[in-house]
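The values are calculated or read from the model by the stated rules, or taken from the named source; none is laboratory data. As the structure is a computational prediction, the values presented were derived from the model and not from experiment. Using ideal geometry, Cβ is built from the backbone for each residue, glycine included, and neighbour counts are taken over all protein chains shown. Protein only, heavy atoms only, side chains kept; ligands, DNA and RNA dropped before computing areas. Shrake-Rupley method; radii C 1.70, N 1.55, O 1.52, S 1.80 Å.
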Amino acid sequence: MKKFIKAFIIAVTFLSLTSCEREFIEPWPPDAARTQEDVWGYYKYVKGALDDIYARYIFCRHMNEVYGSYGMLACATDEAEHSLPNAGVQKFTNGNWTSLNTPTIYYGNAQVSLNGRQPWINAYLVIRKANTFLANVDNSVLIDDLDDPTRRYERTWFKGQAYFLRAWAELELFRRYGRYVISTKVEQVDDPELYRDRNTLEECYNQIIKDCDAAIDSLPTLWDDDNWGRANRAAAQALKSRVMLYYASPLYQGDYDTWGNPAGTVGDVQRWINAADAARQAINDNEFYELSRVTVPGAAPTKANYGVNSKVGSYNYVISMAVDLDNHEQIWTTERTTTNTSLWERYNLPAGVDGFNGYTNPTQEMVDAFEMRTGDPFDWSNPTHAANPYANRDPRFYASILYNGYYWGNSTSKGYFIDTWCDTLKDGTPCVGGVHRQRQLKNSTKTGYYHRKFLSEAFYAYTSGNYSNQKRARHEFRFAELLLNYAEALNEAYGPTVPDPKGELRGLFEEDEGGINTAQGAINAIRARVGMPPLKAAQVVSQAAMREAIHHERQIELCFEGHRFYDVRRWKEGEKFGQPIHGIEIFPKGFGSDGRPTGFEYNVFKVEDRHWEDKYYWWPVPYTEIVKYKKYGDISQNPGW
């Protein structure tokens with residue numbers, strides 16, 4: 001199968017290369033006409049009508065996507081805190097979130113104010129552009145000519161992308177606002193139905209699935225390397241899998257106006273069966289994608305093993321840093337680029353280093369969620385754990401969190417320790433504090449930690465000669481999510497150890513013969529690839545116990561990827577986001593002749609209280625939309641807003 005896929009890539013590459021010269025396309029009209037007919041009769045403009053969505057309207061090319069001091073969505077959850085109290089992302093947790101005061105999100109490849117939009121507005125811009133493309137492409141110069149290899153599937157593949165992008169925009173609405181106004185045509189201002197109310201949740205779900213199926217039927221198995229970032233069939237299947245999982249979850253079942261069913265409720269079991277089917281099909285249909293092997297185990301970095309968590313074969317490398325067709329984990333990403341990619345490091349690496357902002361500070365809740373290497377929970381009441389809290393943890397911990405004592409860098413000539421110890425001893429005696437935790441720096445860590453995941457250790461400071469832009473892309477879907485989707489749906493439908501009655505998964509690694517057909521097996525595969533032991537017997541003894549284990553595995557595997565904001569909501573566990581968040585005080589025991597501490601004592605402290613209301617399960621429909629409708633019709637607001 002792998003040989004077939006490689007041959008397919010070669011074939012698609014041939015199509016892309018031979019299509020550079022298109023004798024059938026007339027040059028742009030000499031009179032510079034700009035009519036509809038001109039646009040759809042000119043190849044570059046037809047293609048550009050769709051490519052503009054990729055360029056300006058899909059998800060931001062890096063994770064700091066919340067407008068206003070570039071916050072990560074993780075800072076609106078129990079994963080992290082933003083280092084600045086007035087950052088835009090703080091509105092989600094400080095009680096100031098209203099329909100008039102909703103955080104803005106960056107979209108597209110250029111992070112400028114023009115691309116900061118309300119998700120409701122951005123989604124409908126995508127939908128309108130996709131609708132316009134679909135309404136006109138059948139009368140354009142893009143055709144399927146079976147006699148010409150350069151044009152054999154051209155129209156079909158581009159229409160498939162339009163259906164996919166519309167489905168992605170609909171998902172953006174579905175996971176934020178729940179119900180939305182379905183639009184599958186080019187809306188006109190004089191249409192009396194323009195100001196219609198939002199559709200039901202079921203109608204919205206069915207529309208997304210319909211668009212996903214149209215995309216799946218039309219898209220290629222893979223694109224060639226020159227078309228990296230375009231959606232393929234696997235991307236559409238991954239989108240469908242996510243939508244079906246959401247629709248089966250408690251928030252999406254039961255009474256909409258009271259925010260669905262209680263946490264832990266299975267509800268309509270057929271929805272979970274459908275979600276399991278979709279995940280299985282997405283996994284089994286395309287053998288190019290797999291759970292990429294980690295050949296360099298994650299570890300606590302020191303001067304002796306510097307850069308261990310960035311090396312080829314490390315966890316960070318296989319899930320995000322390899323951006324070519326050797327990467328079998330990423331299913332759909334932004335385009336690959338070296339433009340402004342240093343912003344990932346600039347916004348997140350520690351304050352106290354020239355040019356870095358240190359905006360994303362993981363919470364103690366997130367740090368403590370990482371298990372010990374043995375699979376046991378971390379426990380501050382365990383003296384061994386408490387004495388050396390960053391030793392022998394889940395390897396993904398070292399790929400995700402910058403903690404006190406972490407050695408940063410790909411070389412010892414420029415590398416340095418992350419120093420976040422306090423400027424007093426435990427008894428209050430003043431001392432020299434860690435350079436990355438200075439009181440006078442307003443954006444110094446508020447928790448004692450900094451964000452690590454996806455960052456390149458070739459960045460030492462944001463100054464000339466101390467960094468270089470890396471070629472990278474941000475993913476929206478990756479293979480591990482499909483396995484997690486499968487495990488969750490299978491457990492809710494059948495339980496933790498009951499075999500899937502509809503079959504098993506194909507091999508998840510190269511040369512792996514497959515055979516996984518239980519929720520337990522899917523989770524154990526994710527754990528095994530990073531060197532973690534299987535789930536313990538107590539974790540698979542019941543559906544409820546397995547549910548907790550699956551939720552925890554999603555928290556760890558997908559941390560800082562934007563999932564937890566939506567996962568906790570769809571599980572109806574929003575009260576977790578209303579709990580106080582904590583950090584760590586690190587007190588030196590003394591100092592050696594090199595000026596570095598000889599040991600540390602630790603104290604967990606409260607960073608801040610967080611605010612939660614049940615209305616936060618859904619975003620409010622923007623106030624501007626409510627006002628706009630008042631003149632011509634009415635649109636329902638989400639409950640509680």
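Provide the solvent-accessible area of MET532, counting protein heavy atoms only and rolling a 1.4 Å probe, rounded to the nearest 10 Å².
Taking all protein chains as shown, MET532 has close to 10 Å².
With unit charges on the beta carbon (Lys/Arg positive, Asp/Glu negative), name the residue among TYR462, LEU134, GLY95 whose Cα is farthest towards the positive pole of the charge dipole of the chain.
In the chain, that residue is TYR462.
Two-decimal Rg/Rh of segment 166-252 from alpha-carbon positions, Kirkwood Rh? If you can, show how the numbers build up before the last one.
Numbers: Rg = 14.8 Å, Rh = 14.2 Å.
Here the Rg-to-Rh quotient is 1.04.
With r as the distance between the Cβ atoms of LYS536 and ALA304 and R0 = 35 Å, compute the FRET efficiency 1/(1 + (r/R0)^6) and round to 0.05.
So, using R0 = 35 Å, E works out to roughly 0.60.
Return the FRET efficiency for the residue pair GLN579, ARG152: r is the Cβ-Cβ distance, R0 is 41 Å, and the value is rounded to the nearest 0.05.
Efficiency for this residue pair is about 0.15.
Is there a quick way to get the dipole size of segment 329-447? I mean about its Cα centre, with the Cβ of Lys and Arg at +1 and of Asp and Glu at -1; what is the value in debye to the nearest 20?
Around 380 debye, computed over segment 329-447.
With a 1.4 Å probe and all protein chains left in place, how much of the accessible area of the chain comes from carbon and sulfur atoms, in whole percent?
50
Residue farthest toward the positive end of the dipole of segment 474-589, with Cβ of Lys/Arg at +1 and Asp/Glu at -1: which of ILE526, GLY515, PRO588?
PRO588
Counting only Cα, what are the radius of gyration and maximum Cα-Cα distance Dmax of segment 180-319, in Å?
When restricted to the Cα atoms of segment 180-319, Rg and Dmax are 21.0, 70 Å.
Helices from the chain with mean Kyte-Doolittle at least -0.5 and a Cα length along the axis of 18 Å or more, per DSSP H: which? Show your work: numbers first, answer last.
Details: long enough: 2-18 (24 Å, 1.38); 43-56 (20 Å, -0.54); 119-136 (26 Å, 0.31); 154-177 (34 Å, -0.68); 201-218 (26 Å, -0.26); 233-248 (23 Å, 0.18); 269-284 (23 Å, -0.33); 479-494 (22 Å, 0.32); 543-557 (21 Å, -1.11).
Once both thresholds are applied, what remains is 2-18, 119-136, 201-218, 233-248, 269-284, 479-494.
Non-local amide H neighbours of PHE600 (under 5 Å, H modeled in plane, Pro and chain starts lacking H): which ones?
Correct list: LYS589.
Please compute the length gained on full extension between LYS210 and ILE143, using 0.36 nm multiplied by the number of residues separating them and subtracting their Cα-Cα distance.
Separation in residues times 0.36 nm, less the Cα-Cα distance, equals 21.8 nm.
Treat segment 105-239 as a sphere of radius equal to its Kirkwood radius over Cα pairs and apply Stokes-Einstein at 20 °C in a medium of 1.002 mPa s; give the translational diffusion coefficient in µm²/s, rounded to a whole number.
This corresponds to a translational diffusion coefficient of 133 µm²/s.
Of all the Cα-Cα pairs you can form in the chain, what percent are over 38 Å apart?
Percentage above 38 Å: 34.
Between GLN270 and VAL627, 0.36 nm times their residue separation minus their Cα-Cα distance comes to what?
Net length gain for the segment: 124.6 nm.
List every residue whose amide H lies under 5 Å from the amide H of ILE105, counting only residues 5 or more places away in sequence or on a different chain, with H placed 1.01 Å from N in the peptide plane.
Residues meeting the criterion, in which the H sits 1.01 Å from N, are TYR67, ARG117, GLN118.
Take every Cα pair under 8 Å in segment 545-624 that's 6+ residues apart, average their separations, divide by the length, and report that relative contact order as a whole percent.
Values: 73 pairs, mean separation 22.1, N = 80.
After rounding, I find 28 percent.
Given Cα pairs under 8 Å that are at least 6 residues apart, what percent is the relative contact order of segment 186-265?
20
Pop out the Kirkwood hydrodynamic radius of segment 431-498 from its pairwise C-alpha distances, inverse of mean 1/r, in Å to one decimal.
16.9 Å is the Kirkwood radius here.
For THR384 and GLU37 in the same chain, what is the full-extension length gain: residue separation times 0.36 nm, less their Cα-Cα distance, in nm?
On the way: separation 347, 0.36 × 347 = 124.92 nm, distance 7.32 nm.
Fully extending the segment from THR384 to GLU37 adds 117.6 nm.
Using θ = phi - 60° and the Karplus curve 6.51 cos²θ - 1.76 cosθ + 1.60, what whole-Hz ³J(HN,Hα) does each residue of segment 606-614 get, with Gly and Pro shown as x?
7, 7, 6, 8, 10, 10, 9, 10, 4
So what is the orientation-averaged projected area of segment 384-496, using the convex hull of its C-alpha atoms, in nm²?
11.9
Over the chain, average the accessible area per residue using a 1.4 Å probe and give it in Å², no decimals.
38
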